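The values are calculated or read from the model by the stated rules, or taken from the named source; none is laboratory data. Just so it is clear, the structure is predicted and the values come from calculations on it, not from any experiment. Cβ placement follows ideal geometry from the backbone for every residue including glycine, while neighbour counts extend to all protein chains displayed. For the accessible areas, the whole protein counts, side chains as well, though only heavy atoms, and no ligand, DNA or RNA atoms are used. Shrake-Rupley method; radii C 1.70, N 1.55, O 1.52, S 1.80 Å.
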Amino acid sequence: VIKGIAWVVFTKNRYNTRVLNFSMSTTPRTPYWADPVNQALMVAWKKGIVVVTSAGNNGPSAKTIGVPGNNPYLITVGAFTVAYTPADWSDDYLPSFSSAGPTLDGFVKPDLVAPGGHILSLIDKNSLLARTHPENLVAKNYFKLAGTSQATAVVTGIAALMLQQNPRLTPDMVKYRLRATAVPQFNPDTLEAGYSVFQQGAGRAFAPLAVFANVSVPDQTGMDINAD
C-alpha cells in the first residue's frame, strides 16, 4: 500500500493526479503521526494531492475511527443512507456500521458523511467478492455494497468536480469547502442536530454547493481568500 501511495506521488505530474481515493481502514496501533500509512498519505497531501479516506465500518461506538481516517489532515468520510427514498431527506439516517469519533488522539472525525448504503458499482463477476457474495450481484456487471468506502468514493468524485471547476484549489481548500458547504442532519421538528459532530462531522456532503458556492477560505496568514 505504501509503495502504491509513493507511486501516485512520484507520477502526479505525469498524470496530473489531483485526488487520491483511499477506501481502506484498519485499527489504530499508534498515534496518527507515527503510523507509516498516515506518514505516506501526509506526503501526498503536502505534494498537493487531495486524500479522501474512509472512517471505517466499526461503529456506532465512539473512538472507532480507523487508520488513516484518524489523520487530522485528510478528508475522512462516514456514511449515511437514503433509505431507498433519495428525494425524501426526512428518513435518511446514519447506519450503525459507520465509525464515530473522536479519534484516539482526540480529533473530531469524521469530517463529513456521504451516501454509503446500497451503492451500485461495476464489478468483475469472476472476482472473489462477487463469487463470495453472489446475492449482491445486480444485473450482469454490477454489485451492491454498503460501507464508508462507498461514501468515500462519492466524496472523491465531488472533490474531482471541485478541482475541475477551480484547479487553483489546494487540498486544504477542498477540505474547507466540503465542510463549509455540508448540510448537517437535524430533526426538522426540534431543529436539533440528529447526530453528534463525532458521528456526522460537518454534515452530509452537498455537491452543488461544494463545487459552485462562493466560499471565503482563510489562508495561512489569517486573511480571507476567495475560493469560488
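General remarks:
- Of the residues K109, K125, K140, the single one that is under 23 Å from G66 (Cβ atoms), of a type outside the set (A, V, I, L, M) and not in a helix (DSSP H, G or I) is K109.
- Condition check for N21: under 26 Å from L161 (Cα atoms) and either aromatic (F, W, Y) or open to solvent by 70 Å² or more (accessible area, probe 1.4 Å) (or both): no
- Unique match (being at pLDDT 75 or above and in a loop (DSSP other than H, G, I, E, B)) among L169, L161: L169
- Across the stretch 176-188, the number of residues qualifying as open to solvent by 30 Å² or more (accessible area, probe 1.4 Å), touching a residue at least 12 places away in the same chain (Cβ under 8 Å) and either of a type in the set (D, E, K, R) or not in a loop (DSSP other than H, G, I, E, B) (or both) comes to 4.
- Residue check for T53: open to solvent by less than 60 Å² (accessible area, probe 1.4 Å), in contact with a His (Cβ under 8 Å, 6 or more places away or on another chain), under 17 Å from V154 (Cα atoms) and not small (G, A, S): no
- Within the stretch 128-137, tally of residues that are free of Cβ contacts under 8 Å to residues at least 12 places away in the same chain, open to solvent by less than 90 Å² (accessible area, probe 1.4 Å) and part of a helix (DSSP H, G or I): 3
- Qualifying residue in the stretch 114-122 (condition: open to solvent by less than 60 Å² (accessible area, probe 1.4 Å) and without any contact (Cβ under 8 Å) to a residue 12 or more places away in the chain): no
- Residue within the stretch 89-100 that is open to solvent by 60 Å² or more (accessible area, probe 1.4 Å) and of a type in the set (D, E) present: no
Table: residues versus (1) farther than 19 Å from R204 by Cβ; (2) not basic (K, R).
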| position | (1), (2) |
| --- | --- |
| A40 | yes, yes |
| K47 | yes, no |
| N58 | yes, yes |
| V67 | yes, yes |
| T76 | no, yes |
| A79 | no, yes |
| P102 | yes, yes |
| G106 | yes, yes |
| V113 | no, yes |
